[in-house]
1. Please work out if Ser43 is modelled with pLDDT under 85 and either surrounded by 13 or more Cβ atoms within 10 Å (Cβ to Cβ) or not assigned by TED's automatic domain parsing to the domain that holds Arg148 (or both).
2. In region 10-27, what residues are surrounded by 12 or more Cβ atoms within 10 Å (Cβ to Cβ) and not in a loop (DSSP other than H, G, I, E, B)?
3. Of all the residues that make up region 85-105, how many are closer than 30 Å to Leu66 by Cα and surrounded by 11 or more Cβ atoms within 10 Å (Cβ to Cβ)?
4. Within region 106-123, count every residue that is crowded, with 16+ Cβ neighbours inside 10 Å and over 20 Å from Gln150 (Cβ atoms).
5. Could you check how many residues of region 117-150 are assigned to a helix (DSSP H, G or I) and either of a type in the set (Lys, Arg) or within 17 Å of Ser100 (Cβ to Cβ) (or both)?
6. Which numbered condition in (1) under 24 Å from the mean Cα position of the chain (by Cα); (2) at pLDDT 90 or above; (3) among the basic types (Lys, Arg); (4) surrounded by 14 or more Cβ atoms within 10 Å (Cβ to Cβ) is the only one that Lys133 fails?
Amino acid sequence: MGQVRDRVRKIVRFRGLRIPHDHLDDLEQEIVTQVWQAVNRPSFDASGGLWGFVELVTVRRCIDWLRARKPEGPVSETMVDDRSGPLKQTLRRERSELMSTVLETLGSPCRELISLRMEEGASYQELSRRLGKSEGALRVQMYRCVRRAQEVLEELAEGEQER
């Protein structure tokens with residue numbers, strides 16, 4: 001339930017929703033209560049995945065809250081937030097955290113190679129000159145690093161499913 005509450009909190013507290021601070025705790029509590037009640041029903045189907053369900057309920061309750069407090073009058077430019085939604089930002093942040101975790105488990109040579117190739121956009125030819133290895137050797141090393149990263153990612157996913 002702590003993880004459910006944390007995920008709900010991340011979505012509800014997204015600044016783009018502009019939910020006043022004094023309403024956040026009540027909205028979070030209402031959502032967590034609804035999720036808890038739904039999950040404990042005998043007819044609850046967990047095959048669709050818990051996190052998707054939690055996010056769906058959270059987003060719908062936030063929309064309901066916003067609709068109930070719709071501003072009167074015309075919409076001003078300051079009321080429109082064209083940034084990505086809370087769900088996209090939360091997922092982007094979780095992916096980033098997951099990739100950081102995966103990269104931390106890889107050895108230093110893999111981290112350096114991936115960083116140079118992906119973040120700096122260095123070509124294998126450039127990497128060959130900088131690192132003093134052949135382009136072929138670097139391609140093989142990258143392949144092995146990516147394969148190891150995939151294995152680590154799968155191990156993390158299995159660990160998450162066991163929780």
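1. Spelling it out, it is not the case that Ser43 is modelled with pLDDT under 85 and either surrounded by 13 or more Cβ atoms within 10 Å (Cβ to Cβ) or not assigned by TED's automatic domain parsing to the domain that holds Arg148 (or both).
2. Result: Lys10, Ile11, Val12, Gly16, Leu17, His23, Leu24, Leu27.
3. 10
4. 1
5. 13
6. Of everything listed in (1) under 24 Å from the mean Cα position of the chain (by Cα); (2) at pLDDT 90 or above; (3) among the basic types (Lys, Arg); (4) surrounded by 14 or more Cβ atoms within 10 Å (Cβ to Cβ), Lys133 misses just condition (1).
This table checks each residue for (1) assigned by TED's automatic domain parsing to the domain that holds Leu56; (2) within 30 Å of Asp6 (Cβ to Cβ); (3) in contact with a Leu (Cβ under 7 Å, 6 or more places away or on another chain).
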position	(1), (2), (3)
Leu103	no, yes, no
Gly107	no, no, no
Leu116	no, no, yes
Gly136	no, no, no
Arg147	no, no, no
Glu158	no, yes, no
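The values are calculated or read from the model by the stated rules, or taken from the named source; none is laboratory data. Because the structure is a prediction, the values reported are computed rather than measured. In this analysis, Cβ positions are derived from the backbone assuming ideal geometry, glycine residues included, and neighbour counts consider all displayed protein chains.
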